Structure formats: structure tokens, C-alpha cells
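Quick notes on the structure that follows.
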Amino acid sequence: MVVQEIRKLTGTEMASKESGRQQDYISFRDIWAFLQRHFLILALASAAGVALGALYIANTEPTYTSIARIVIDREQARIASQDASTGTIIIETAEIASEVEIVKSEAIARSVIKQLNLTEDPEIQTSSSWRSAVRGAVVTMLSVFDPATGEDAEAAGKPNEEEIMRRTMAGFLGRVSVRRVGQSYVLEIGYTSTDPVKAARAANAIANTYMQSSLDAKSQIIARGAQWIEDRLVEIGRQAQEAALSAEEYRNSNDIAQVGPSGLDQQQLAEISSQLLSAQAATAGEAARLATINRMLAGELPDSYVGEALSNTEINRLRADLGAARTRLEALQTRYGADSEPTLAAKSEIARLETQINTELVRIHGVYRSNLDTAQAREELLKEQLDAIKGSVTEKNLARVQLTELESRATTYRRMYESVLQQLITTLQKQSFPIGDARMVTAATPPLAKNWPKTTLIIPMALMLGFAGGLGLAGLRDVLDRRISSGERLSRELGLPTLGHVPFTRFQAPGAKGALRFVLDAPYSGFSEALRGVKSSIDAAFPSGGPIVVGLTSVGGGEGKSTIAANLGQLYANEGLRVVLVDANFKNPFLSIQAVNTGPKAGLSVYRGAVDADATEEKHKGEKRAQLEEVPILPVLTVEQIRKAAHPGHRFGHLPALKKKLEELRQDYDVIIVDLSTFASSADTRAASAYLDGILLMLGNRRKMTVEWLASALATFGKSRVGILGVVFNKRKTRQWWRPIARNTLDTGGRHAV
């Protein structure tokens, strides 16, 4: 079956690939098609939504919301924190949210309810007492069934004062709204009621109660804080006194004298250490001067190296006389000679002066020796005193460590006492003049417009909800609807390609005569263009050069297959091909009846064997061209001709006769179009399909046919080697209740093609 393989390669695979691509995404065309298919459902659902919205608006009592504004003072609020870098007061978002919850707390609600006497407000009681209504109904029923216990049941079902308050608070808080205005420190407190004056009064009461409760809470906190600080101050004072007494007792018991910031023994140790260092330095200086004077007396150094000699007036005088004597000696030696008496006298004078200078140096040496002895004695004394004090300090250092700890503890308690005392003074000042955290910005006033229901909001929302519900119903309908609405479903689920869509057409000529040759009467109509596309798909499925045998069938009757078969034959004949129609619809032979009764007026004639083939061939040669172009005639092999060719003794001999006739027609014609019966109810079609090269499946009632029904009908072919080329959708015009039943209108569904 070459044709079947070609169909598999070209039709099914292409369709499966196309369906696979279409399943990858949803295009705007698919959405638009979905909306068009379910326009009525969407319109009705949207209208129903708008109607329900209008009904809700009409039956809902209007409510009014009044708003009071308060601000949390950033400079005085205790919840504020200060930014270390900028010094700005910051109120955290979480703390603002906490204030919002405080406004909506039951404590505030209870106070406002008592202030406004809302426990007797019928508006709140009615809106929040459905449970009590149920309970009351139960109590009433019990009293009816048990009159003796009716009074007790009524007493048991009557709510107490606390239950009434709890119920009133639930209804009251349901009408309160508190929100923060943007990122500011302003809170909007709103109350909703059917009475605008009541709404304003309740909103102002909530705001004032919140501010008063905040002030009272702060006063109570300050009072409790002051009492705690005072108790703490007494305790810390007692501990500070005990710590100071412990330090003094320890100091006295360990004989630790305290003068200034340090102990007396420590001061003495420091002073003696300093004096010892000074004495050691003095001893070293005196020893150096004594060593120098010794070297001078030994003649190693001149006497000018000693500072005492330089500052001594007697030595300076003797040095001056010695210099003069040496000058005079030099003069006398020059004048009188070295051994003269004046020269010798001068030398004696010089020796005397030098002896006196040496005597003075010896005296200075004695002074240096005495000074060195004194410095050494002082140094020794200081060392003895230092050693004595060191022993005493070493013994008291261990005790001083404990004393330091006791003094530090006493100092700490003293500082704590002073700090707590300062806090107590500040707290008492705040208690005398407490400052609230919040203040009123705008008081609530009776609103001029209702808050609910809002027509501009409810109607669009109802429309959107209705449309959304319509979308849901439409989607559910699409999911549950298994009708063949498009070729995509056939290609996706059954692998059947779509060869064309024949539109609905009003034929100009009445009856079947105009319908069977409409492609020639209106060559540029939508009907003709659709059939030309189907013809192109058929040509592409077969190799060129050989005859083709194509059958047209449908699942049920009235699908228009006979009309489509005749018009396809007209298209092939118009291209100069030898075409013959075979009426294999043995139940309802529509083409046979038209060929016999109508004849050339419908463009059909009864098949007369090879004569028709010769006439068609002569047509191409030019004979009777005008007559043939005016009324093209297609030969029709009728049902009676097929039955006459069958064996007279065989009841179902028409099937072998049909097969034989088709083999004969292959020799004389290029295109053989077979009009088959509906295969769902005819076994002849399932048997005759094996004689054909391909089958076109006509679907004219796709809105009434499900995928499962078509699959079940196709399954009747069993394992027969059937080559289904594809599906042609034939749009039929269904009869409407407002149109006349007797109207003579013929469409492409072909109501005559039964």
C-alpha cells in the first residue's frame, strides 16, 4: 500500500509534528479562538456578576467611616531611640506596630464601650450575636418541648454581663481600623458605623482613651520605678557604709597609715631611696675630687685642675707673687749670672712661695678627705634606714592588697549610691509632671460620603469575578467537552491530518443542480477555494503519472460527501483529466438518482462504458468544445450498473463487482472518485475501502461528534489496510427555530446527500 505509506509519512507525521509544536506554547490566536467559542458563557457570567453586584449594593445598608489622627511625639516618646552619629530621634517600625496593636487592644475597647454605653447599641449587638441567636433558638425549642424546664432553660441561655461585654468587644473591634500613615509617626484611627455621628464620636473616644491610657500607664510606671529606686537606694547606702567600715577596720588592724593617696611607709621609702641616690652621687663626687688633689700633690697634674684652688684667694695671691718672682729671677740671671747673690735670693723666694702653695693644697686635700668621709657616713646611714623600711613595707604589702580591694568596693558602692540618687531625683521630677507619648492631630468629624458599598469598586469587581467564573466554566467545558471542535484535536489525539475547511455556502441554483457543479459556477468563492485546497492535498499524496482512486465517506448521514465528491470531479475534469464518479452508496444512491433524473443540468450523466472515455478524449481534441465548456458532464457509475455486473446468485455480489469495475476504470480514467456509504453503519464501506488508494473523511457535524465516537467508528475498520488521506471539515448551516422550516436553502452540508 504505497498510498498508505505516503499518508503516514506526509500526513500523520506532519500533523504530529505540527501538533507537537502547537502544544509547546499557547498563542494569542488560541486565546482569541477560546474567547470566541465561549463568548455566550463569558457574557452571561459577566452579566450575572454585575447583576449580583447591583443586588448587593441595593440590599446593603451604607456604612460611614470617621477617622481621627494622632501623632507619636518623637522628642518625648519613651519608645524613641537616638542615632549615635546624627543625634536624630528614631522610632522603630516594630514599635509603631506595637502602638497600633495597643490601640486595637481589648483594654481600650472595654473603656470606650463603657464610656459610650455600647453594650446597649443594637447595631453592634445585631452584627455580633448570631451565636446568641442560634443559642436562643435552641433554648426556645427546648422550652417548647419541655414546658416544665422552659424557665430554667431561658435562665441558662441568658448571657451574663461579662459575656455581653465580650460579645460587644468582638463587634466593636471588628469596626475599628488603625493604620500607620506611610512612614510617618501619624496613626489613623477609624470607626465604621451606619450613623456618621456615632462613627465620629467613637473614633474620638478611642483616640482620647488611648492617649489617656498611655499617660496613666506612664504615671504608674514612673511611680513603680521611683519606689523601686528608693528601695534600691537604701540598700546601696547600707552596703556602701558597710564596705567603708570594713576598709577602715582592716587598715587599723594592720597598722597601715594613710597620708594622701599612698601609705606613710611608702612615702618614707620613696624619700629615703631618693636621698640614698643623692648621697651616693655626692660620695662619688667627693671621691673624684680627692683623687684629683692626690694626683696634684704627687706632681702628676698642675694645681689648676682643682676647682677649690682656682677659687682660693690665697693661692691666687701666691701664684701672682710666684709669677713675679720668676720674672725677676730671669732678669737677675741675665744681669748678674746664675750664681750671684741676688739670683740665689730670688730662687729662695720662689721656693718659699711654692711651699706655701703646696701647704694650701694640702689643706684643701684635708677638706676633700673630710667631705668624702662625711658623704660615706651619710650613705651608710641611709642604706641602713632603707633596709629597715623595706622590711616593714614588705610585711604590709600583702595586707595592702586586701585593703585596696576593700577600698575599691567601698568606692563602687559610693558611686552607685550617687547614681541611683540622681535617678531618683529625675524620676520624682517626671512623676510630678508626666508627659504623654501621643497627641491629637486631627479630631474625627462625621463623614459626608458613605464608605461602603462603593459602586465604582463593587461593579467592576463583580464584573471581573463574573468573567473569571465564566472563564472557569468555559475552561471546564473545554476540558469535559470531547467534541471535535478543530483539526488540531484530531491531529493530536487521532493522528488524522486536516485537508481543508469548506465554508457554509448558499447555492444560487435551487436543489441539487446548482450544488453539484458550484465550483464551476462560482470559481472564486470560498467554497471553490476550499475544494481546490483539498484537491492540492490529494494530488500531493499520490505520485504523478498513474490513475488514482479516491473514496469519500463520513461517519453519519448528511455530512455533504456526495456534494463534495461531485465538485471535486468537476475540478479534475476542468483540468483536462479523465474523471469518473462511482456511486458506491448502496443504501442511499444520491449520485445515481441525480445522474438518472437530472442529467446534464447537474453536470452528471450515466456511465456508458468506454464511450464516455472516448468522448472526454475528443473533448481535448477540440470536438464539441463549445457545448462541453457550457455544460461539463461527468459520467457516474450508478449503483444499478454495479449490481447488474454482480453474480445473480450472490446476495452480496455487488462488492466483487465494484472491485472489478474499479480495476476496469483504472485503465480508462485518470481520476476515479468513489462516493461511499457512511462507514459507521455500513459494512460495505469497510470492505470497499480496501479497493481504493485513499479515503477522504467528511465531517459535517463536528459540533455533535466526540473524539471517542470518531475513534470508535474508525475502529470498525479493524485490521483492514485503509489509507485515510485526511479529514475535510464541511460546515453545515443548522436549522434555527426562528427560520421557516420550509425555506428552500441548500448548503454545503448537503441535506440532499443522504
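With the other protein chains left in place, how much accessible area per residue, in square angstrom, belongs to the stretch 553-592 at a 1.4 angstrom probe? List each step's numbers first, then the result.
Working: 850 Å² over 40 residues.
Per residue, the stretch 553-592 has 21 Å² of solvent-accessible surface.
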**Fill in**
A 1.4 Å probe over the protein heavy atoms gives the stretch 189-243 a carbon and sulfur accessible-area percentage of 54 percent
**Request:** Mind checking the full-extension length gain between A58 and W452? Use 0.36 nm per residue of separation minus the Cα-Cα distance, one decimal, nm.
**Result:** 140.7 nm
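Report the local net charge at V181: Lys and Arg +1, Asp and Glu -1, summed over other residues whose C-beta lies under 11 Å from its C-beta.
Value of the local net charge: +2.
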**Label-zone membership for the stretch 437-455, site E123, 7 angstrom Cα→C-beta point, backbone N under 18 Å** = 444-454
**Fill in**
Honestly the stretch 636-681 on the Cα gyration tensor test (a ≥ b ≥ c root eigenvalues; a/c under 1.5 rounded, otherwise a/b vs b/c for prolate or oblate) is just oblate
**Inter-label distance, nm, simple model (7 Å from Cα along the C-beta direction), A377/A645** = 17.2 nm
**Prompt:** Given labels modelled 7 Å from the Cα in the Cβ direction, how far is it in nm from E249 to W32?
**Reply:** 10.5 nm
**Fill in**
Checked against a 21 Å limit on the C-alpha separation, the offending pairs among K601/K644; K561/K731; K535/K731; K587/K659; K104/K218 are K601/K644
**Asked** Quick one: what do you get for the stretch 32-72 if you divide its Cα Rg by 2.2 N^0.38 Å?
**Response** 2.19
**Asked** What FRET efficiency would be calculated for the residue pair E162, M440, taking the C-beta separation as r and a Förster radius of 41 Å, to the nearest 0.05?
**Response** 0.80
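Report the net charge of residues surrounding V100, where surrounding means a beta-carbon distance below 12 angstrom and charges are Lys +1, Arg +1, Asp -1, Glu -1.
-1
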**Item:** Length released on extending from A287 to R666, taking residue separation times 0.36 nm less the Cα-Cα span
**Value:** 120.9 nm
**Fill in**
Length gained if Q423 through E242 is fully extended, taking 0.36 nm per residue and subtracting the Cα-Cα distance, is 62.9 nm
**Message:** Run the paramagnetic zone check for A107: 7 angstrom along Cα to Cβ, then residues of the stretch 200-223 with backbone nitrogen under 12 Å.
**Reply:** 210-221
**Solvent-accessible area, 1.4 Å probe, carbon plus sulfur percent, for the stretch 504-588** = 50 percent
**Item:** Environment charge at M165 (Cβ cut-off 13 Å; Lys +1, Arg +1, Asp -1, Glu -1)
**Value:** -2
**Asked** Can you list the chymotrypsin sites (Phe, Trp or Tyr not before Pro) in the stretch 505-600 that are in a DSSP coil and have 16 or fewer other beta carbons within 10 angstrom?
**Response** Y524
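The values are calculated or read from the model by the stated rules, or taken from the named source; none is laboratory data. This structure is a prediction, so every number in the text was calculated from the model and none was measured. Positions of Cβ are backbone-derived with ideal geometry, glycine not excepted, and every protein chain shown enters the neighbour counts. Just the protein is used for accessible areas: all its heavy atoms, side chains included, with ligands, DNA and RNA removed. Shrake-Rupley method; radii C 1.70, N 1.55, O 1.52, S 1.80 Å.
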